[in-house]
Amino acid sequence: MTKKPLLEIKNLHVHYITNEGTVQAINDLNLELYPGETLGLVGETGAGKTTTALAMMRLVPNPPGKIVSGEVLYKGKNLVEMKEADLRKIRGNQISMIFQDPMTSLNPIMTVGDQIREGIMLHQKVDKATATKRAMDMLEVVGIPMERYDEYPHQFSGGMKQRVVIAISLSCNPEILIADEPTTALDVTIQAQVLQLMENLKVEFDTSMLMITHDLGVVAKVCDHVAIMYAGTVIEHAQKHKLYRTPKHPYTIGLFESIPNVHETTERLKPIIGLMPDPTDLPTGCTFHPRCPHAMDICKVEFPEVTHLSDEHWVRCHLYPADKEVE
Amino acid sequence: MLRYIARRLLLLIPVILGVTLITFTMLYFTPGDPARLTLGEQAGAEQLEQFREIHGLNDGYVVRFVNYIKNAVFHQDLGLSYRNRQPVFAEVASRFPTTLKLAGLGVLVAISIGIPVGIISATKQYSLFDSVSMIFALIGVSMPNFWQGMLMILFFSVYLKWLPSSGFNTFQQMILPALTIGTSTAAVITRMTRSSMLEVIRQDYIRTARAKGQKESKIITRHALGNAMIPIVTVIGLQFGYLLGGAVLTESIFGIPGVGRLMVDAIKQKDYPVVQGGVLFIAVTFSVVNLFIDILYAYLDPRIRSQYK
């Protein structure tokens, strides 16, 4: 634990308050992102991945969403309590985001060039002509000819639009790039291209990246560290190879076992028994205990704290004794 | 784009023909003898026959319709008024600018109230401002405008003596009629702006703009409003047409010499050529306004623009 994290989330709770009840989307979530690394945030649909990403930029739609408690520390500054005007200087500038669906994340009545230029004009003290030039350069960087600056989003394909979104997010050379399932909405060949592009640009722009995905293949390809999310919290956080070789949390183990092995003939797939809990009515104690093959009595009562198993590998499970007992 | 406009202008021809055919047919089948009604009970058979001859009332339906179209197309002649033997075209044309001005002012009032209030309501949904303005919008759409006009005359002209109660020449005379005719339109525009904006500000590209670090005010004006504009513009166009035809009551209350009043008087006296001419003028204006709105769509939305090429 010598390196200092660039971004750290501490005990974050986010709720969506609806007429049908309070949805506990994020529950006591902890996460660290170190400079230069790519962290994969993995979880099922509804685990709270996108909410985590939005909370990091304080973009959770309010109402109905509300950051109830916790901290998001960027270089030691708490973004949860920051003034809106100060936060705007960070959004798109130091922390920027790529969204899931490129078809809807661009403004249909604005040229793609202008949409890239907008961010540049907001955060860099340059005149219009310079900003236009930079926006054109960004288009070239993501592999779109700059002659297409004046075209509108509907004139681009899905993969091209996602390239434009990437250009927008990288236009101010951010320190942190949050990519919320950037390839989910694209077809497989384009997925590979866009992932490759993101990997290259991450190195070129020297950016830390949070890659949100439910695709363990994407994680294996691009990430250095992995955080596994379940029912609104990170239950295991480790260096990629460690996690793939020695997963500790029963959920993580189940997740890997559910992937069929290409070298063996598999008669039946091995799913994790049960379903994700209803976020309006979470189980007591560890939220995974109703599905856990190793559930103990304590799991039903007490939510496990973080246990550091080794450097850069922690887990939240009662199977592993808590930190203080080890020390 | 020019080709599109030309095509739309050509399409106006069947529209106008259709409108003419429908009004002509309906008036043809209305009971009552125009000759008798115009000349009075005392008129002799000879006089009546002479009247029918002048106005071509003895011809059959088809002949009369064909003659009407022929005269309209080749001589810009919409016939003579039964009442005062004046050419209908000149009579309607002389009153038309007043009606147009009244409807235009009404729409202007409605836009300048409706759009800002709608935007604020949407951005502060469920706030006090939103609730109050939605209540006013509901009152605005449900209040009959002749009643509202009379209340305003009572208050501003009779009680406060601030504004004149009739006429349409000076600016002061125009205020009350414009407010009267603009109120319900303002309410409709407010509600449409609000719902359209509410839909747009939930879109992903608004979140993208926020994630860029853009200011909330700029997000509304630069990203949201443009995208919300199409339904708003549509409603404005339709309302304008409605005001053109529906200004009758307002014109009567404020004693404004517009097409609406001319037509109501003409209907009472079975002065068919005048009714026909008035309807035609309004139909043409309505079509032109709608064409203008469609062109505006192309200006507002590049996706529509690319279809016109």
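Laboratory data are not the source of any read-out in this text; all were calculated from the coordinates shown. Not measured: the values here are computed from a predicted model. So basically every Cβ, Gly included, is an ideal-geometry build from the backbone, and we count neighbours across all protein chains shown.
Take peptide A:110-123, look around each residue's Cβ out to 10 angstrom, count Cβ atoms belonging to other protein chains, and average those counts.
Working: counts 7, 1, 0, 0, 1, 5, 1, 0, 8, 6, 1, 2, 5, 2.
Per-residue shielding by partner chains comes out at 3.
Among B:Val264, B:Val200, which comes first, then next, by fewest other beta-carbon atoms within 10 Å? Each step should come with its number before you reach the end.
Working: B:Val264 16, B:Val200 21.
Ranked by crowding around the Cβ, least crowded first: B:Val264, B:Val200.
A Cβ-based charge dipole, computed about the Cα centre of the protein assembly as shown with Lys and Arg at +1 and Asp and Glu at -1, lands at about 1800 debye. Summary of packing: across the peptides B:11-17, A:276-282, the per-residue average of other C-beta atoms within 10 Å ranks them, highest first, as A:276-282, B:11-17.
Dipole of region B:11-77 computed with +1 at Lys/Arg Cβ and -1 at Asp/Glu Cβ about the Cα centre; of B:Phe51, B:Ala72, B:Leu11, farthest Cα towards the positive end is B:Leu11. Each label point was placed 7 Å from the Cα along the Cα-to-Cβ direction; for A:Met296 and B:Ser131 their separation is 5.4 nm. A Stokes-Einstein calculation at 10 °C with viscosity 1.306 mPa s, built on the Kirkwood radius of region B:207-309 over Cα pairs, returns a diffusion coefficient of 95 µm²/s.
For every other residue with a beta carbon closer than 14 angstrom to the beta carbon of B:Glu49, add +1 if it is Lys or Arg and -1 if Asp or Glu, then tell me the sum. Please list the in-between numbers first.
Numbers: positive: B:Arg36, B:Arg52; negative: B:Asp33, B:Glu46, B:Glu53, B:Asp59.
Surrounding charge for B:Glu49 is -2.
Given a Förster distance of 35 Å, report the FRET efficiency between A:Glu71 and A:Gln196 from their Cβ-Cβ distance, rounded to the nearest 0.05. According to the calculation, E is roughly 0.50. Around the amide H of A:Tyr230, modelled in the peptide plane, lie the amide H atoms of A:Ile235, all under 5 Å away and 5 or more residues distant in sequence or on another chain.
Could you order peptides B:265-273, A:64-72 by the average number of other Cβ atoms within 10 Å of their residues, highest first?
B:265-273, A:64-72
The phi-based Karplus calculation (6.51 cos²θ - 1.76 cosθ + 1.60; θ = phi - 60°) puts the 3J(HN,Hα) values of region A:315-321 at 9, 10, 7, 6, 5, 10, x Hz, whole numbers, x for Gly and Pro.
Roughly how many whole Å is it from the C-alpha centroid of region B:228-268 to that of region A:27-41? Between the Cα centre of region B:228-268 and that of region A:27-41, the gap is 63 Å. Each 10 Å bin, from zero up to the one with the longest distance, holds this percent of the alpha carbon pairs of region B:61-110: 23, 34, 26, 16, 2. For region B:92-308, the Cβ-based charge dipole about the Cα centre amounts to some 560 debye (Lys, Arg positive; Asp, Glu negative; other atoms uncharged). Taking B:Phe240, B:Phe96, B:Phe74 as the candidate residues, the one with maximal mean-square fluctuation in a Gaussian network model of chain B, Cα springs under 10 Å, is B:Phe74.
Computed over the Cα atoms of region B:1-142, what is the ratio Rg over Rh, Rh following Kirkwood?
Details: Rg = 23.9 Å, Rh = 20.1 Å.
Rg/Rh: 1.19.
Taken over the Cα atoms of region A:121-276, the convex hull encloses 157 Å³ per residue.
Taking other C-beta atoms within 10 Å as the exposure proxy, A:Tyr244, B:Tyr28 rank B:Tyr28, A:Tyr244 from fewest upward. In sequence order, region A:108-118 has phi-based couplings of x, 9, 10, 5, 4, x, 4, 5, 6, 5, 3 Hz under the Karplus curve 6.51 cos²θ - 1.76 cosθ + 1.60, θ = phi - 60°, and Gly or Pro positions carry x. Treating r as the C-beta distance of A:Lys270 and B:Phe146 and R0 as 60 Å, the FRET efficiency rounds to 0.20. Of the DSSP H helices in chain B, those that are both long (alpha-carbon extent of 27 Å or more along the helix axis) and hydrophobic (Kyte-Doolittle mean at least -0.5) are B:2-29, B:88-123, B:171-200, B:225-246, B:272-300. According to the calculation over all Cα-Cα pairs in region B:11-77, the P(r) per 10 Å bin from zero is 18, 44, 28, 9, 1 %.
Mind checking the mean number of beta-carbon atoms from other chains within 10 Å of the Cβ atoms in B:210-222?
Values: counts 9, 17, 18, 16, 7, 4, 2, 0, 2, 0, 0, 0, 5.
That works out to 6 on average.
Across the options B:Leu163, B:Phe146, B:Gly255, the greatest Cα extent toward the positive end of the charge dipole of region B:92-308 (unit charges at beta carbon of Lys, Arg, Asp, Glu) belongs to B:Leu163. For region B:92-308, the mean projected area of the C-alpha convex hull, equal to one quarter of the hull surface, is 14.5 nm². By other beta-carbon atoms within 10 Å, ranking A:Cys286, A:Cys223, A:Cys172 with the fewest at the front produces A:Cys172, A:Cys223, A:Cys286. Helix content alone sets the calculated 222 nm mean residue ellipticity of chain B: runs of n ≥ 4 DSSP H residues at -39500 (n - 2.57) each, divided across all residues, give -25000 deg cm²/dmol. What does the charge count around B:Ile69 come to, taking other residues whose C-beta lies under 14 Å from its C-beta (Lys +1, Arg +1, Asp -1, Glu -1)? Residues close to B:Ile69 contribute a combined charge of 0.
Note on chain A: with a GNM built from Cα contacts shorter than 10 Å, the maximum mean-square fluctuation among A:Lys83, A:Lys300, A:Lys133 falls on A:Lys83. Derived value for the protein assembly as shown: Kirkwood hydrodynamic radius 30.0 Å. Basis is the mean of 1/r over every pair of different alpha-carbon atoms. Using the Karplus relation 6.51 cos²θ - 1.76 cosθ + 1.60 with θ = phi - 60°, the per-residue 3J(HN,Hα) values for region A:269-279 come to 6, 10, x, 7, 5, x, 10, 4, x, 5, x Hz, with x marking Gly and Pro.
About its Cα centre, how strong a charge dipole does region A:168-302 have in debye, to the nearest 20, once Lys and Arg get +1 and Asp and Glu get -1 at the Cβ?
Working: 10 positive and 17 negative charges, 88 e Å.
So the magnitude is around 420 debye.
Remark: spin-label model distance B:Ile295-A:Ser157 equals 3.8 nm, labels positioned 7 Å along the Cα→Cβ axis.
For region A:157-248, the alpha-carbon coordinates run over 40, 28, 24 Å along the three principal axes, in decreasing order. Each DSSP beta bridge with both residues in the protein assembly as shown is either parallel or antiparallel, and the antiparallel ones are about 65%. Of the residues B:Val109, B:Val264, B:Ser195, the one whose Cα sits farthest towards the positive end of the charge dipole of region B:92-308 is B:Ser195 (charges of +1 on Lys and Arg Cβ, -1 on Asp and Glu Cβ, taken about the Cα centre).
Extension gain, B:Val62-B:Glu46: 0.36 nm per intervening residue step, less the Cα-Cα distance, totals 3.2 nm.
Computed with the Debye formula from one identical point scatterer per Cα of chain A, without solvent, the log10 of I(q)/I(0) at q = 0.11 Å⁻¹ comes to -0.74.
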